[in-house]
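Structure first, then comments.
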Number of protein chains: 2
Amino acid sequence: MAVRQLNLELPPKDGPTYPIIFADGLYQHLAEHITETTIALITDEHIAHYHAELVVAALASAGKTLHTYTVPAGEASKSLTTYGSLLSAMLQDGLDRHSAVLALGGGVVGDLAGFVAASFMRGIEVYQCPTSLLAMVDSSVGGKTGVNTPEGKNLVGAFWQPKAVLVDVNALRTLPDHTFREGAVELFKHGLLADETLATAFKDPRFTPMGETEYWLELLPRAVRVKADIVMEDETEQGVRAFLNLGHTLGHALESYSHAHTEVGYAPLSHGEAVAYGLVFAAKLSAQRGYADETRRCLEFLQWLKPKPLHDSLTNETFDQLSSYLYNDKKAHDKQLRWILLEAVGKPIIVDDIHQTELQAAWRYLLANTQGLPV
Amino acid sequence: MAVRQLNLELPPKDGPTYPIIFADGLYQHLAEHITETTIALITDEHIAHYHAELVVAALASAGKTLHTYTVPAGEASKSLTTYGSLLSAMLQDGLDRHSAVLALGGGVVGDLAGFVAASFMRGIEVYQCPTSLLAMVDSSVGGKTGVNTPEGKNLVGAFWQPKAVLVDVNALRTLPDHTFREGAVELFKHGLLADETLATAFKDPRFTPMGETEYWLELLPRAVRVKADIVMEDETEQGVRAFLNLGHTLGHALESYSHAHTEVGYAPLSHGEAVAYGLVFAAKLSAQRGYADETRRCLEFLQWLKPKPLHDSLTNETFDQLSSYLYNDKKAHDKQLRWILLEAVGKPIIVDDIHQTELQAAWRYLLANTQGLPV
C-alpha cells in the first residue's frame, strides 16, 4: 500500500500536530490510525452504500466497538436538528469522553460530525475520513466545523481540529462526476493561491476520478499542503486564512442568489460552480488593479467545469440585486467587504478598498465572457 | 470604587490570560472593560428585574450597541432549544464575528451564554458577569460552558474561556437566601481543597449576602484564586481539574435520584445541597483510609446549610439504588469510579480503587449523621 503523509502543526509553535494520511486501500487499515476503542461512525446514506460495510468490518475485526449513525445525504443534514439528534443518540448509546467520532463522508458529514465531536461532553476526538475530492483537499483539513441555520450557512460551529485526516484515494473512484468537479474548483483555487502545478491540473488527462493512483497520491498531498500551510499560520482566520476565500465573496452571493431564484427552469448553482464564477471575478478585479491577469486561465477552467449558467435575471444592470447577498456574508465586517486578489499566482492579498466602479466593471466582464459557455 | 483583580493564565505557558475583576458598583463601569462595540446581553427574567436596567444604561451611555436576550429563569433554559433560539435571534439581529456576548446571571445563564458565544460563527468573545455567589466563585471562571439534554446535565458544550470575568459585589445584596447558600457550598469546597480561611468562612457573622463590601472583596478573590489555580494547571480536566469534583460524585447521584423521586412531599435536592451531602461522604471516605478527618467540619457546614433531607427511601440497605445514578456520571470511564479524597485540607487526591465496602460504610455514616439535621 503506497502511503503519503503530511503533518499539520497548529500555532502557536509547539502546538498540537496531526497527520494527514493518503493511501490506496486505507479503509482496510483504518484501525491502525485510531487509538480510541469506542467509535461513533457518522456518515450519510449515500456514502454508507459505498464504503460503510468495508469500514465497519475493518474496525470491528480490529476489536473496536462501533456505533453507526447515518444521516440523509445532502446539505439539509447540516442542521441544528440533526446535530441534536446525533448527540442524543450517542448519549443514549453510552458513548463517553473517551470515545471518538469518525466522520466518513464529504463536506456535509465532516462539518456536521466535527461539530458534534467539538461539543459532545465538551469535546472528544474526531477523525476526518473524507470521501469527496472537496473534502479531501479542503474541508476535512483545518478544523472548521459547523451547521447551517435558516439565517445562513456555517453560522454555528466551532474550530475543532481532527486527531488525524485519513484519505483513501480509492474513494475517488466512486465519485459522481458533478461531485468530482465540485472538488476540482477548490483544488484549482489552491493552485492559484500557491502552486502552479495545481492550477493547471485540470488540463491533465489523468485528472479524473479514474486517474492513476500514483497520480492522485502526488496531487492530493500537494493540494492539502496549500491549505495546511495557511492553517498552520492562522488557525482561526484572523489573517491569512482569509486567502482561502479567493473567489468566495462573489461566489457565496451567486450561490445564495441562485437558491433564492429557483423558479421553473433554474437549478441552483452548486457551491463549486458559484466559486468558479467568483474566481473569474476575482481574477478580473486583480487584473484591473494591475496585478496578475489570470482571467484567461479562470475562464478555461470554467469551460472545463461546465457550470450551470447564471440566472437570466443577472445582467449588466442588475449587479445591485446581488448586493444584499454580498453583504450578508458572515465575513463582512461593518459593511466593509474584503476581497482576495492575486498579485501573482502564489501571491494572494486581502483588499478592502475596492470601489463600486471596479466591481461593476468586473461584473460586466464576467457576464460578457461566461454567457456563451458550453453547457 | 474598591477594586480587586486576579489574572487567569491558561496553559500552555504564555497562553491567553484573562482578568477577573471584583468591585462594588462595577456595573456602572462595565463598558471600560469591554472592547467590542456590539454586544449580545444574555440574561434571565429574574436577573433582568434587578440588574438589566443599570447595565443597559451604563453600556448604552458608553456608546455600545446592545441587543438584549432574556431567557426564563431556571435550569430549563439550559437546553439545545433555547441555545438554537438565541443563535437565530442574534443572527437575525445582524450580530457578527466582532460582536461579543455579555452573560449577566447565575450559572445557568453563564453556561448557556458561554456555549452560544463558543459556537456563534465558530466562536466570539464572551464576558462573564456572574450575579450569584455560585457563579462568582465557581462557574463563571474556567471556561466550562454547556447545556443539558434529556440524557443528562452539561453533556453538550465547549471549553470556552471568557475574555474577562466582571464581578459586581453588590449583586450579592439581591440574592435570595437559598441562592446564596447554594454558592456557599462551592466556596466551602474550595476551602477544603486549598484554603483554610474559606473552609471556616461559614462561621463568620459577615458571611451573609449583606456582609460588608470589604469583607466580600477579600473573600471572593480568595475563593476564585483556588479555582483559577487549578484551571491554570489543567484547562480541560485531564488531571487536577478533577479535584473540583470533591463531593460531586455522590452529590450528582443524590441530585439525580432526588429528581427521579419527586412524589408528593419530596422536593428535589438542589445541586448545592446534594454536593454538601457528598462532601460529608468524601470526608468519611478520606477518614476511613487514614487521611484527613474533616467529617465534623463537613457536618457543621451541613447544619449551617440546612439542606432538605435525603429521600426516605434511602436507607442503609438501599445504597445499591444509587449505583445506576453514580455510574451515569459522564466523568465515569469504563465503569471505574473516581473519587476525590482529602489527604489533608489543601491536599486533594484522586482515588479510583475505592471498594464497595468502603462506600457502604461511608454511606451508613452519612445516613446516621444527617437524619437528625435541623431542617
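Summary of computed values
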{"item": "Whole-number Å³ per residue for the convex hull built on Cα positions in chain B", "result": "134"}
{"item": "Förster-model FRET efficiency, 25 Å R0, A:SER85 and B:GLU75, C-beta, rounded to 0.05", "result": "0.70"}
{"item": "Cα centre as origin, Lys/Arg/Asp/Glu Cβ charges: the protein assembly as shown dipole, Debye", "result": "180"}
{"item": "A:GLN238 versus A:GLU214: modelled label distance in nm, points set 7 Å from Cα along the beta carbon direction", "result": "4.5"}
{"item": "Calculated FRET efficiency for the pair B:ALA344/B:GLN303, C-beta based, R₀ 35 Å, to 0.05", "result": "0.95"}
{"item": "Projected-area average for the protein assembly as shown over all orientations - Cα convex hull basis, square nanometres", "result": "33.7"}
{"item": "Mean ellipticity per residue at 222 nm, deg cm²/dmol - from DSSP H runs of n ≥ 4 across chain A, formula -39500 (n - 2.57)", "result": "-12000 deg cm²/dmol"}
{"item": "Solvent-accessible ranking of B:MET121, A:MET210, largest area first, probe 1.4 Å", "result": "A:MET210, B:MET121"}
{"item": "Cα-based helix-to-principal-axis angle, A:356-370 vs chain A, degrees rounded to 10", "result": "80"}
{"item": "In degrees, nearest ten, helix B:80-92 long axis to first principal axis of chain B (Cα)", "result": "10"}
{"item": "log₁₀ of I(q)/I(0) at q = 0.14, 0.17, 0.21, 0.22 Å⁻¹ - region B:182-311, Debye sum with one point per alpha carbon", "result": "-0.67, -0.95, -1.27, -1.33"}
{"item": "Area of B:HIS33 that stays accessible when all protein chains are in place (1.4 Å probe, Å², to 10)", "result": "60"}
{"item": "Over chain A, relative contact order from alpha-carbon pairs under 8 Å, at least 6 apart, %", "result": "14"}
{"item": "Positive-end residue, region A:153-300 charge dipole about Cα centroid, Cβ charges, pick of A:GLY211, A:VAL167, A:GLY183", "result": "A:GLY183"}
{"item": "B:ASP177/A:THR68 FRET efficiency (R0 51 Å; Cβ-Cβ; nearest 0.05)", "result": "0.50"}
{"item": "Inter-copy spacing of B:GLY74 label points, which lie 7 Å from Cα along Cα→Cβ, given in nm from shortest upward", "result": "3.9"}
{"item": "Between helix B:271-288 and chain B: long-axis angle, C-alpha atoms, 0 to 90°, nearest 10", "result": "40"}
{"item": "For B:ASN369, inter-copy label distances in nm, listed shortest first [label point 7 Å out on the Cα-Cβ vector]", "result": "8.2"}
{"item": "Label distances, nm, B:HIS98 versus same residue in remaining copies, Cβ-directed 7 Å point", "result": "4.7"}
{"item": "Inter-chain shielding of A:158-168 (mean C-beta neighbours from other protein chains, 10 Å cut-off)", "result": "1"}
{"item": "Shielding score for B:97-107, defined as the mean number of other chain Cβ atoms within 10 Å", "result": "1"}
{"item": "Residues of region A:277-294 with amide N under 20 Å of the 7 Å Cα→Cβ point at A:LYS203", "result": "A:277, A:279-281, A:283-284, A:287, A:292-294"}
{"item": "Euclidean distance between Cα centres, region B:241-292 to region A:226-281, Å", "result": "52"}
{"item": "Å² of accessible area per residue within the protein assembly as shown, as computed with a 1.4 Å probe and no ligands counted", "result": "38"}
{"item": "Heavy-atom SASA rank of B:THR145, B:THR315 (probe 1.4 Å, accessible area, largest first)", "result": "B:THR315, B:THR145"}
{"item": "Carbon/sulfur fraction of accessible area - region B:111-228, other protein chains in place, 1.4 Å, %", "result": "55"}
{"item": "GluC sites (Glu not before Pro) lying in DSSP loop within region B:202-294, provided at most 16 other Cβ fall within 10 Å", "result": "B:GLU212, B:GLU263"}
{"item": "Bins of 10 Å from zero: percent of alpha-carbon pairs in region A:239-367", "result": "13, 48, 34, 5, 0"}
{"item": "Which listed pairs, of B:LYS153/B:LYS347; B:LYS284/B:LYS347; B:LYS189/B:LYS284; A:LYS189/A:LYS306; A:LYS227/A:LYS347, have C-alpha distances above 21 Å, in listed order", "result": "B:LYS153/B:LYS347"}
{"item": "DSSP beta bridge pairing in the protein assembly as shown, given as percent antiparallel to the nearest 5", "result": "45"}
{"item": "Whole-Å semi-axes of region A:1-97's equivalent ellipsoid (Cα gyration tensor)", "result": "25, 19, 16"}
{"item": "Within 10 Å of each Cβ in B:115-125, the average number of Cβ atoms from other chains", "result": "5"}
{"item": "Percent of Cα-Cα distances greater than 19 Å, calculated over region B:74-159", "result": "32"}
{"item": "Size of the B/A contact, given as accessible area buried on both chains, probe 1.4 Å, in Å²", "result": "2800"}
{"item": "Qualifying chymotrypsin sites (Phe, Trp or Tyr not before Pro) in region A:198-285, DSSP loop, other Cβ atoms within 10 Å at most 16", "result": "A:TYR266"}
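The values are calculated or read from the model by the stated rules, or taken from the named source; none is laboratory data. Everything quoted here is computed from the prediction, not taken from an experiment. With ideal geometry, Cβ positions are generated from the backbone for all residues, glycine too; neighbour counts draw on all protein chains shown. These area figures cover heavy atoms from the full protein model, side chains too; ligands, DNA and RNA do not enter into them. Shrake-Rupley method; radii C 1.70, N 1.55, O 1.52, S 1.80 Å.
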